[in-house]
Structures are given as structure tokens and as C-alpha cells.
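Before any comments, here is the structure.
Read-outs throughout are calculated quantities, based only on the coordinates presented, and are distinct from any laboratory measurement. Source: prediction; values computed, not measured. Counting neighbours? That spans all protein chains shown, and the Cβs are built from the backbone with ideal geometry, glycine included.
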Amino acid sequence: MPLRTVFTATERERLAVIVNNLCFYASQIILQGSPVLSQRALANLAKTKNEQEALLKRLDEVAREQGDESLLRVIEDLARLRTAVSQMMTLVRRCLLAAAFLGHCLAQPTHSSVPAETQGSEKRLH
């Protein structure tokens, strides 16, 4: 795994918070739940975007290289109000894809000294 995908304990905590907020927001779209709770998830994501810009840009670069959903783009797109069901389902799908990418990042070793033979081009689910 490239060195830029080795995350500190603090970064891993931030990734977990982002996963939680993405999944929570997506679930609120499906359930048509409380707008107050949805707004809290959006506010948390916006705060993370502002406070963790370097981390999010690093993740965005890795996601684009791997053909995964861009977390920065998802967070930006969440702020736009969607009214059509197809738009909402597309947003839910994107949230889940971004969360899956972040889950993969979280499942990586916590150090950069992983043997080279285990870092091949294979794609694994963790």
C-alpha cells in the first residue's frame, strides 16, 4: 500500500466519523427521517471538509487513482437539495460507495512496513 494510504490514529478516527455521517445521511434519505438529524450529519461533513482539507485531498487523490467515488465531490454534492427519487437514490449510492472506499482505507495496516509481496495490484475486500 502506498505510504499516503497509511493513516495515523487521529486520521483513522476522522475517517470513521466520515463513514458514520455518510451512512447516517444516506439512511435518512431512504427513511425520509428527521431533517434535523440529516442537517446535523451534513454539518458534521462540512466541518470535516473545512478542518481536514489535506486529509480529504489525499483521500480524493487515492480514490480517483483507484476509480472510486470522490469523497470531496460527494460532500459538496450533499449540500444540494434533491427532490427526485432517482436523484436521491443516486446520492445514496454515492454515499455508500464513498463509505466503502473509506472502510477499505481503514482496513489497511497501520504502518508502512508491510511486505512488498502483500501490496500487489490485487484488490481485496477487507
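Here are the numbers:
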item	result
Segment Arg73-Ala54, extension gain: residue separation times 0.36 nm, minus the distance between their alpha carbons	5.4 nm
Per-residue HN-Hα couplings for segment 89-100 [Karplus 6.51, -1.76, 1.60; θ = phi - 60°; Hz; x = Gly/Pro]	5, 5, 5, 4, 4, 5, 4, 5, 5, 5, 5, 5
Order of Cys105, Cys23 - criterion: other Cβ atoms within 10 Å of each residue's Cβ, fewest first	Cys23, Cys105
Charge-dipole axis of segment 3-108 as Lys and Arg at +1 and Asp and Glu at -1 on Cβ define it, positive-most pick from Ala63, Leu42, Thr10	Leu42
Dipole in debye (nearest 20) - segment 23-84, about Cα centre, beta carbon charges: Lys, Arg +1; Asp, Glu -1	260 debye
Residue order, fewest to most surrounding Cβ atoms within 10 angstrom, among Leu102, Leu97, Leu31	Leu31, Leu97, Leu102
Which of Arg80, Arg93 has the fewest Cβ neighbours within 10 Å, and the rest in rising order	Arg80, Arg93
Dipole in debye (nearest 20) - segment 3-108, about Cα centre, beta carbon charges: Lys, Arg +1; Asp, Glu -1	200 debye
Principal axis dimensions, largest first and in whole angstrom, of segment 3-108 by Cα	41, 25, 21
